[in-house]
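**Q** The structure under discussion is supplied below as C-alpha cells; questions concerning it will follow.
The values are calculated or read from the model by the stated rules, or taken from the named source; none is laboratory data. Note that the structure is a prediction, hence the values are computed from the model and not measured. Cβ: placed from backbone, ideal geometry, glycine included. Neighbour counts: every protein chain shown. Protein only, heavy atoms only, side chains kept; ligands, DNA and RNA dropped before computing areas. Shrake-Rupley method; radii C 1.70, N 1.55, O 1.52, S 1.80 Å.
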Amino acid sequence: MQLVLLSTLPGFLALSYQFGWGTFINLIIAVVTSLIAESAILALRNRPIAFYLKDYSAAVTAVLLALALPPLVPWWVVVVGSLFSIVVAKQLYGGIGYNPFNPAMVGYVVLLISFPIEMTSWVTPISLLPEGVTHPGLWESLSIVFAGNTPVDGVTGATPLDLFKHSNGLVVDQIYQNEALFSQASFAGVGWEWVNVGFLIGGLILLKTRIFTWHGPLAMLGTLALMSILFWDGGSSDSPGSPIMHLFSGASMMGAFFILTDPVSSAVSNRGRLIYGALIGLLVYVIRAWGNYPDAMAFAVLLANFAAPFIDNYTLPRTYGHTDRRKATEKQEEE
Amino acid sequence: MSRTWETPGGVHPPENKSQSMTQSIGHLPIPGTLVIPLHQHIGSPSKIDVTIGQAVLKGQTLTRATLSNNLPVHASTSGTVIAIDDQPVAHPSGLTAPCVTIASDGRDQWIEHVGVTDFRRCGPLDLLQIITDAGIAGMGGAGFPSAIKLSPSKDKAIDTLIINATECEPYITADDAAMREKAQDLIQGIEVVCHILNDPKRVVIGIEDNKPQAIKALRPYIQESSIEIVPFPTKYPSGGEKQLIYILTGREVPSGGLPIDLGMVCLNIGTLIAIKRAVIDGEPLISRITTVTGGACGVNRNYEVLIGTPISHLLTHNEFDEKNCSRLIMGGPMMGFSLTSTDVPVVKTTSCILAPGHSEIPADTPAQACIRCGLCAEACPVSLLPQQLFWYAQAKDQERLEAHNLFDCIECGACSYVCPSNIPLVQHYRSSKGEIRKANIDKIDADNARQRFEFRKLRLEQADEQRQAKREARRLVTEQARATSNTSQPGSSAADIIAAAQQRVITKQASPEQQKAKFERALLAAQSRLQEAEKRLIEATTNGSKQQQTICSASVESARQKVDQTQYRLRELTD
Ligand code: SF4
Ligand code: SF4
C-alpha cells in the first residue's frame with residue numbers, strides 16, 4: 001500500500017505543475033479527514049486503530065480521491081467526499097476487504113452529483129494561462145479553498161473532454177485549430193497529457209513490482225482504444241475524439257492503474273479481471289461519447305463493481321484435475 | 001533428457017536445507033521407553049497381538065492385520081510391554097490414540113527374520129504380502145498402505161512408476177540424505193517394485209534441482225537400467241503427488257481420482273527403502289530417517305530413528321534450547337503442524353522435527369482482514385481462488401465451497417505463505433472440509449433412516465394388502481363351495497374345490513425349505529456385501545474424495561436395501 005502511495009507521485013507532480021497548489025491542498029484535507037474518520041469509526045467499532053491505520057488503505061483512498069478532484073475546490077467538498085468514502089463506502093460495509101464499491105469513486109460520484117458546479121470547474125493548465133495571470137500561490141490558494149475567494153479570471157477553464165462534449169458541430173480539425181488546449185498540445189491535450197503520462201509511469205512501476213497484474217489495466221486501456229478507433233470516423237463533427245486523446249485525457253491512466261486495480265472491489269481471477277477491465281473501458285467510452293458527463297471513470301468503475309460478483313461467477317479458473325471450468329453458483333448434482 | 005512441465009503458482013520459501021546436511025545420517029541411543037501408536041496408516045485399525053508384561057523382540061508384531069486395508073505395527077526394539085492404552089500422539093488437534101508402550105531392555109535383540117533370496121522368483125502377490133506384513137505405509141505424509149497402491153487391478157494396468165524424490169518442503173533433508181547414503185537400497189527397492197508391477201514402461205525419479213549430490217549418488221546405479229532421473233527447477237510444492245505427476249508427464253490426475261487412473265504409481269524414497277528392507281532383508285518397518293533441525297537445536301542432522309521414539313529423546317540429544325524455540329513442528333514449515341507436547345512419538349510418517357528459533361519462524365502474527373489482493377490465487381498450484389474459498393469458509397457456505405473445488409485443495413499452504421494479511425487459510429480449509437464431510441455423513445445417515453422408515457411403511461402396507469387378499473380369497477372359496485354344494489354339480493363339488501385349493505397350497509409350499517435356504521444364502525451374501533461396502537465407505541470418508549464417498553455411500557445404500565429385502569422375504573416365508 002505504501003508503494004501505491006509512492007507511485008501516485010509522478011501523477012501528483014504533473015497535476016501540481018500543471019494546475020498549481022490546488023491538488024496539494026486537496027491531498028492534505030482529504031488525508032487528514034480520512035484518517036480522522038477512519039480512527040473514529042474504528043474506535044466506535046472497538047477495533048485496534050493503529051493496527052488498521054498502518055495498512056495505509058484509508059490514506060490510499062484519500063489520496064486517490066484528492067487526485068481526482070479539481071484543484072481549488074472549496075474545502076468542504078473535499079471533506080464531504082472523504083467522509084463519504086471512508087465512513088459510508090468503506091467502514092459501514094465492514095471495513096477493509098468488505099467494501100463492494102471502490103470507496104474513492106463512491107465519494108467522487110456523490111460529489112459530482114451533489115455539487116456539479118464545483119466539481120466541473122477545472123484550473124487552466126499553466127501554459128494556457130492568459131498573459132500576466134499566474135496560478136495562485138499557496139496562500140492565495142488556501143484563501144480560495146477555505147475562505148471562498150474567487151480566483152482571478154482565466155484561472156479556470158474547460159478540459160479537453162469538455163471541449164469535445166460541447167464542440168457543437170465543429171469537426172475535429174477545427175477544434176484542434178481553435179482551441180489552444182489542443183493546438184499547443186504535444187499529442188493529446190495541454191496539461192492533461194502529462195498528468196496521464198505521470199500516472200502511466202506510476203502504474204508501470206506498480207506493474208513491475210507485481211502489486212497487481214496487467215490484466216485489468218490492459219483490458220481497460222485496450223478497450224478504450226479500440227472503441228475510440230472504431231468511432232473515430234476520421235474526425236467529423238460527431239467524432240468523440242481520437243484514441244490518443246481518449247487514452248491521455250481525463251482520468252484514463254489514473255483509472256486504469258490506480259482505480260480499477262483496487263483488489264477489493266474488482267473481479268478476482270485474472271480472466272475475470274480482463275472482462276472487468278474491458279467493461280470499464282467500454283463504459284468509459286460510452287459515457288464520454290454519448291452520455292451527459294464529459295468524463296466517466298467513476299461511473300464506469302462503480303458499474304463494473306456491481307458486475308464483479310457476476311463476472312466472478314463465470315470466470316473461475318480451471319482447477320487441476322478438472323476438464324471444465326465450473327461456475328461459482330453451480331450446485332452439486334443431486335446424489 | 002525428458003521434458004518437464006511447469007505447474008501454475010508455487011512459491012519459493014527459503015530452503016534452509018544445508019544446515020542438516022553437514023553430517024551423515026546419525027544413530028541415537030535406544031530410548032528407555034518407546035510409545036508405538038497402533039494406527040499409523042490410513043485404513044481401519046488392526047488387532048492387538050500382545051499383552052501387558054509380555055517380552056517382545058525387535059521386529060515382533062504388536063498388532064495383526066485383520067482386514068485387507070490395515071497394517072501391523074512392530075516392536076522397534078526388544079523389551080517388555082508395559083502399557084497398552086491411549087497416549088498423546090502427533091496430530092494437529094493433540095489427540096490421544098491407542099499405543100503400546102515398550103520398556104526397552106537395551107539389548108536391541110532381533111526376532112528371527114529372513115528375506116527372500118531371489119525376489120524375481122516370487123509372485124507379485126507374495127511380495128505384496130511381505131510388504132503388508134512389514135507394515136509399510138507411504139512415508140511421505142499420507143501413510144497410505146503401500147501394498148494397496150501396488151496391488152494389481154483388473155482394469156488399470158500400471159505403466160509408469162514415479163519415484164518422488166522432490167522433498168520440496170524447506171528444512172527437510174531426510175530423503176536427500178537417504179539418496180546420498182543408501183542409493184543402493186533405494187535402487188533395489190525400485191527393482192522389487194518394478195518386478196511387482198511387471199516391469200512398467202517408464203520408471204522415473206523426479207527430483208528438484210537443489211539436490212545435485214543425491215543425483216550424483218544415484219547416477220552410477222542407473223547406468224545400465226532404464227530408470228530415468230529427471231531434475232526440474234525447485235519450487236514449492238512440486239512434491240505433491242499430483243503436481244509431480246504433472247511436472248513429469250504433463251498429465252493431470254482427474255479430480256477425485258487416483259494416479260492409478262492414469263496408470264501411474266507414485267512412491268517416495270523412504271517407502272522404497274523400506275520395501276527393499278522388507279523383501280530382501282526380511283525387516284519390518286521399525287525405523288525411518290528423520291531430520292532434526294531448526295535454530296533451537298544445537299545439532300541439525302538426520303537420524304535413523306526407531307518408530308516410537310519420543311520427540312523429547314530426539315531433542316535432548318540435539319542440544320535443544322527450549323527458551324529459544326518459537327514452536328515445535330512435526331513435518332516441514334509449510335505443511336507440518338505444531339506439537340503441543342514433546343512426549344509424542346515418532347511415527348512412520350515423521351519426516352522432520354523442526355524447532356525453529358524465535359527469529360527464524362516467529363510465532364503466529366494476528367490475522368488481518370483479507371484485502372483480496374489475489375496473491376494467494378497466484379500462488380495456488382491447483383488454480384483455486386483461495387480468497388474466495390476463505391470468504392465462503394467464513395460464511396460456512398458449503399455449496400459454494402464445493403463449487404469452488406475446495407476438495408481439490410492439496411493443503412500445501414502456498415496461499416497462507418504469501419498472504420500479506422497472515423491469514424491461516426489452510427486451517428480454514430481443513431476445518432471446512434471436516435464440516436462438509438461430517439454434514440455428508442449425517443446426510444447419508446438421515447437418508448438411510450428415512451429410506452428404512454419408508455421401506456418399512458411400504459412393507460407393512462403390502463403385508464396388510466396381502467392379508468386382505470388372502471382373506472378375500474378364502475371367503476370366495478367358501479362361498480363358491482357353498483354355492484356348488486347347493487347346486488351339486490359334478491366336478492365342482494365343494495370337496496373338489498377344497499381339494500384343489502389345498503393342492504395349490506401344497507404346491508406352493510412344496511419347496512419352502514428350498515426357498516428358505518435360498519433366501520438365507522442370499523441374505524448372507526447381501527450382509528457380507530453390506531459389510532464390505534461399509535468398510536469402503538469408512539475408508540473413503542477418511543481418505544478419499546467427495547466423489548468416492550458418494551459412490552461408496554450409494555453402494556452401501558443399495559447393499560442395505562438388498563439386505564432389508566431379503567430379510568423381508570425370508571420373514572414372509574417363515575411367517
Ligand atoms: S493473499 Fe490473503 S489478503 Fe490476499 S487475497 Fe489472498 S487471502 Fe486475501
Ligand atoms: S493450500 Fe489449497 S488453496 Fe492454498 S495454495 Fe495450496 S492448494 Fe491452493
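**Q** For the range A:255-288, what are the residues that are without any contact (Cβ under 8 Å) to a residue 60 or more places away in the chain and of a type in the set (G, A, S)?
**A** Across the range A:255-288, the qualifying residues are A:G255, A:A256, A:S266, A:A267, A:S269, A:G272, A:A278.
This table checks each residue for (1) assigned by TED's automatic domain parsing to the domain that holds B:I311; (2) of a type in the set (G, A, S); (3) surrounded by fewer than 22 Cβ atoms within 10 Å (Cβ to Cβ).
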| site | (1), (2), (3) |
| --- | --- |
| B:K348 | yes, no, no |
| B:Q394 | no, no, yes |
| B:E402 | no, no, yes |
| B:E411 | no, no, yes |
| B:A414 | no, yes, no |
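**Q** Could you grab me the full set of residues in the range B:86-135 that are acidic (D, E) and on the phi > 0 side of the Ramachandran plot?
**A** The answer is B:D108, and nothing else.
**Q** Can you tell me which residues in the range A:202-224 are closer than 23 Å to A:L15 by Cα, open to solvent by less than 20 Å² (accessible area, probe 1.4 Å), hydrophobic (A, V, I, L, M, F, W, C) and away from chain B (no Cβ under 14 Å)?
**A** A:M220, A:L224 - these are the residues of the range A:202-224 that are closer than 23 Å to A:L15 by Cα, open to solvent by less than 20 Å² (accessible area, probe 1.4 Å), hydrophobic (A, V, I, L, M, F, W, C) and away from chain B (no Cβ under 14 Å).
**Q** Within the bounds of the range B:315-322, is there any residue that is open to solvent by 60 Å² or more (accessible area, probe 1.4 Å), more than 16 Å from ligand 1 (Cβ to nearest atom), hydroxyl-bearing (S, T, Y) and modelled with pLDDT of 85 or more?
**A** Yes, that holds for at least one residue.
**Q** Give all pairs with beta carbons closer than 8 Å in which a residue from the range B:208-225 that is outside the structural domain of B:Q188 (by TED's automatic domain parsing) meets a residue that is surrounded by 12 or more Cβ atoms within 10 Å (Cβ to Cβ); count only pairs at least 6 apart in sequence or on separate chains.
**A** none
**Q** Moving on. Are any of the residues in the range A:186-201 farther than 20 Å from A:L9 by Cα, assigned to a helix (DSSP H, G or I) and either open to solvent by less than 70 Å² (accessible area, probe 1.4 Å) or modelled with pLDDT under 90 (or both)? Walk me through how you get there before you give the answer.
**A** So the first thing to find is which residues in the range A:186-201 are farther than 20 Å from A:L9 by Cα, and the list is A:186-189.
With the extra rule that they be assigned to a helix (DSSP H, G or I), the set shrinks to none.
Among the residues of the range A:186-201, not one is farther than 20 Å from A:L9 by Cα, assigned to a helix (DSSP H, G or I) and either open to solvent by less than 70 Å² (accessible area, probe 1.4 Å) or modelled with pLDDT under 90 (or both), which makes the answer no.
**Q** Give me the residue from the range B:390-409 that is of a type in the set (A, V, I, L, M) and over 16 Å from B:R437 (Cβ atoms) and, out of that set, farthest from ligand 1 (Cβ to nearest atom).
**A** Among them, the one singled out is B:A403.
**Q** Further question on the same structure: List the pairs whose first member sits in the range B:226-244 and is away from every other protein chain (no Cβ under 14 Å) and among the acidic types (D, E), whose second member is in a strand (DSSP E or B) and surrounded by fewer than 23 Cβ atoms within 10 Å (Cβ to Cβ), and whose Cβ atoms are under 8 Å apart, counting only residues at least 6 apart or on separate chains?
**A** Cβ pairs passing all conditions: B:E228/B:R202; B:E228/B:V203; B:E228/B:V204.
**Q** For residues that are at positive phi and among the β-branched types (V, I, T), tally how many sit in the range A:92-113.
**A** Total satisfying the criteria: 0.
**Q** Return only the number of the condition from (1) open to solvent by less than 20 Å² (accessible area, probe 1.4 Å); (2) modelled with pLDDT of 90 or more that B:I280 does not satisfy.
**A** Here B:I280 clears every test but (1).
**Q** With the checklist (1) of a type in the set (D, E, K, R); (2) closer than 20 Å to B:K438 by Cβ; (3) more than 14 Å from ligand 2 (Cβ to nearest atom) in hand, flag the one item B:R372 doesn't pass.
**A** (2)
**Q** Exactly one condition in (1) without any contact (Cβ under 8 Å) to a residue 40 or more places away in the chain; (2) open to solvent by less than 50 Å² (accessible area, probe 1.4 Å) is not met by B:S553; state its number.
**A** (1)
**Q** Consider only pairs whose beta carbons are under 6 Å apart and that are at least six residues apart or on different chains; among these, list those whose first residue lies in the range A:109-133 and is part of a loop (DSSP other than H, G, I, E, B) and whose second residue is open to solvent by 40 Å² or more (accessible area, probe 1.4 Å) and not polar (S, T, N, Q).
**A** A:V133/A:V152
**Q** So A:E140 fits all but one of (1) open to solvent by 60 Å² or more (accessible area, probe 1.4 Å); (2) out of contact with any Phe, Trp or Tyr (no Cβ under 9 Å at 6 or more places or on another chain); (3) without any contact (Cβ under 8 Å) to a residue 12 or more places away in the chain; what number is the exception?
**A** Every condition holds for A:E140 apart from (2).
**Q** With (1) within 14 Å of chain B (Cβ to nearest Cβ); (2) out of contact with any helix residue (DSSP H, G or I) (no Cβ under 7 Å at 6 or more places or on another chain); (3) open to solvent by 50 Å² or more (accessible area, probe 1.4 Å) as the list, and A:S57 as the residue in question, which single condition is left unmet?
**A** Result: A:S57 fails condition (3) only.
**Q** Which condition does B:T309 not pass, out of (1) of a type outside the set (K, R); (2) crowded, with 24+ Cβ neighbours inside 10 Å; (3) within 14 Å of another protein chain (Cβ to nearest Cβ), if it passes all the others?
**A** (3)
**Q** Please find, among B:K535, B:K518, B:K546, the residue that is touching a residue at least 40 places away in the same chain (Cβ under 8 Å) and more than 14 Å from chain A (Cβ to nearest Cβ).
**A** Within the list B:K535, B:K518, B:K546, the selection yields B:K535.
**Q** Next up: Tell me yes or no: at least one residue of the range B:355-367 is open to solvent by less than 40 Å² (accessible area, probe 1.4 Å), within 16 Å of ligand 2 (Cβ to nearest atom) and at pLDDT below 85. Lay out the reasoning, then the answer.
**A** Taking the range B:355-367 and keeping what is open to solvent by less than 40 Å² (accessible area, probe 1.4 Å), we get B:355-357, B:361.
With within 16 Å of ligand 2 (Cβ to nearest atom) added as a condition, the list becomes none.
Checking the range B:355-367: not a single residue is open to solvent by less than 40 Å² (accessible area, probe 1.4 Å), within 16 Å of ligand 2 (Cβ to nearest atom) and at pLDDT below 85.
**Q** Next up: Return the residues of the range A:280-332 that are within 13 Å of another protein chain (Cβ to nearest Cβ) and closer than 20 Å to A:G216 by Cβ; say none if nothing qualifies.
**A** A:N305, A:A308, A:P309, A:I311, A:D312, A:N313, A:Y314, A:T315, A:L316, A:P317, A:R325, A:A328, listed by residue number.
**Q** Mind listing just one residue for me: the one in the range A:262-276 that is assigned to a helix (DSSP H, G or I) and within 14 Å of chain B (Cβ to nearest Cβ) and, of those, nearest to A:I113 (Cα to Cα)?
**A** A:Y276
**Q** Residues B:G331, B:G295: which one is touching a strand residue (DSSP E or B) at 6+ places or on another chain (Cβ under 9 Å) and within 16 Å of ligand 2 (Cβ to nearest atom)?
**A** Matching residue, one of B:G331, B:G295: B:G331.
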